[in-house]
Amino acid sequence: MPVVNRIAAFSEEIAEWRRDLHAHPELDYDVHRTAGIVAEKLKSFGCDEVVTGIGRTGVVGVIRGSKPGDKVIGMRADMDALPIHEATNKPYASKTPGKMHACGHDGHTSMLLGAAKYLAETRNFAGTAVVIFQPAEEGGGGGRAMVEDGMMERFGITEVYGMHNMPNMPVGQFGLRPGPLMAAADRFTIEIEGRGAHAAQPHGSIDTVMITSQLITALQSVVSRNVDPLESAVLSITLIRAGDAFNVLPQTATLKGTVRTLNKSVQDLIERRMTDIVNGICSMHEAKAHFTYDRGYPVTRNHEAQTYFAAKAAGAIVGEDKVDLTLAPTMGAEDFSYMLEARPGAFIFVGNGDSAGLHHPAYDFNDQVIPIGVSYWARLVESAMPA
Ligand code: NI
């Protein structure tokens, strides 16, 4: 079964919405123009309810099927852009220097709008479809803000689905997997306070540089000696700051870095072992340690039944052989994870073809993906809640 004919017929119109959003990127929660356009279009399509201001600037549209039903299927798109200076040279390139849609959220928003238009027009399902447009995916936690605003309860959402484009996966292919698909992304800071001294009189110091070097080595044992070798984890120290002169032992040193994990028990283990190692090594040398470990977006974990269901809906559009159900997880992070913690559901990648990578100044969403992505949303709703 190919793409839905009715959707193919207005794909060019959706592409025009996409290029308009692309030319007017907005960051974080400040997506007022975008959210305004989304709300206005949802109303013009005849959605039964359009609610703005959820999770600050999020928008939700409700479309009831031609028959009643218990299921309420949530579908989510992200609206925010990135603080990157665009280098695509496209006629519809960003009109705002230093901001661009370099992650394809313009495409995600337009495709979900297209699905809303189709679903409001056809209503060929028994139940309720809820389209979710979130701000601040790129680090601001807009997905969490919408969940914390009570979105799931307010609209009675029973399952939730998300989609992201993937550069270098061919157009017409999908990829996903049950279980962890994207990592939890945490950051840490270690501040060490020793005692500064003349470099020629080390016996008078508590040497934070030497302590730092021991810490770096010891922390590498966490992934190699504490984490199960069949699990995945990254512990990267990315910043070291200490000292200003060749003849002074510095009083303080700071280390920063990131931890990526696909499993909460591994995440807990790493935080605990890091705390022990930092405190242990610093106290061994009579230095003071201040360790902060900040948890970012949690693991994006697909629920099994919904994953197979999503794969089937995608297979109905592009053919089962074009849906990779064993896609390798990535150590990047995604705040749809908060929605998957609140309700069962699945996140799927759709091929963006031969393009620059996500977050690259030359990246552009591929408009050929539009009929495929919109048809996926339509089939997902129609097969989850057959009329
Ligand atoms: Ni993105």
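The values are calculated or read from the model by the stated rules, or taken from the named source; none is laboratory data. Please read all numbers here as calculations on a predicted model, not as lab measurements. Neighbour counts are summed over all protein chains in view; Cβ atoms, including those assigned to glycine, are modelled from backbone coordinates with ideal geometry. What goes into the accessible areas is simple: the full protein's heavy atoms, side chains included, and nothing from ligands, DNA or RNA. Shrake-Rupley method; radii C 1.70, N 1.55, O 1.52, S 1.80 Å.
Listed values, structure above:
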{"read-out": "nm² value of the averaged projected area, convex hull over the Cα atoms of the range 83-234", "value": "17.6"}
{"read-out": "Candidates THR52, THR208, THR238, ranked by Gaussian network fluctuation over the chain, Cα under 10 Å, top entry", "value": "THR238"}
{"read-out": "Degrees separating the helix 105-122 axis from the principal Cα axis of the chain, which is the longest one", "value": "30"}
{"read-out": "Residue-normalised accessible area of the range 246-345, given per residue in Å² at a 1.4 Å probe", "value": "48"}
{"read-out": "Check: the chain dipole with +1 on Lys, Arg Cβ and -1 on Asp, Glu Cβ, in debye", "value": "320"}
{"read-out": "Heavy-atom surface of the range 41-138, accessible at 1.4 Å and reported per residue (Å²)", "value": "34"}
{"read-out": "Lys, Arg +1 and Asp, Glu -1 on Cβ, resulting dipole of the range 11-145 about Cα centre, debye, nearest 20", "value": "280"}
{"read-out": "When each of LYS67/LYS312; LYS43/LYS322; LYS90/LYS312; LYS90/LYS264 is checked by Cα-Cα distance, pairs over 31 Å", "value": "LYS43/LYS322; LYS90/LYS312; LYS90/LYS264"}
{"read-out": "Radius of gyration and maximum dimension Dmax of the range 184-295, Cα, Å", "value": "15.0, 48"}
{"read-out": "Those lysines that a straight Cα-Cα span of less than 18 Å connects to LYS41, excepting residues fewer than 8 apart in one chain", "value": "LYS117"}
{"read-out": "Candidates ARG177, ARG295, ARG225: whichever shows maximal mean-square fluctuation once the chain is modelled as a Gaussian network with Cα springs under 10 Å", "value": "ARG225"}
{"read-out": "Residue among SER283, SER355, SER66 with the largest mean-square fluctuation in a Gaussian network model of the chain, springs linking Cα atoms under 10 Å", "value": "SER283"}
{"read-out": "Scattering curve values for the range 110-152, log₁₀ I(q)/I(0), Debye with Cα scatterers, q = 0.25, 0.27 Å⁻¹", "value": "-0.89, -0.93"}
{"read-out": "For the chain: rounded, prolate or oblate by the Cα gyration tensor [a/c cutoff 1.5]", "value": "prolate"}
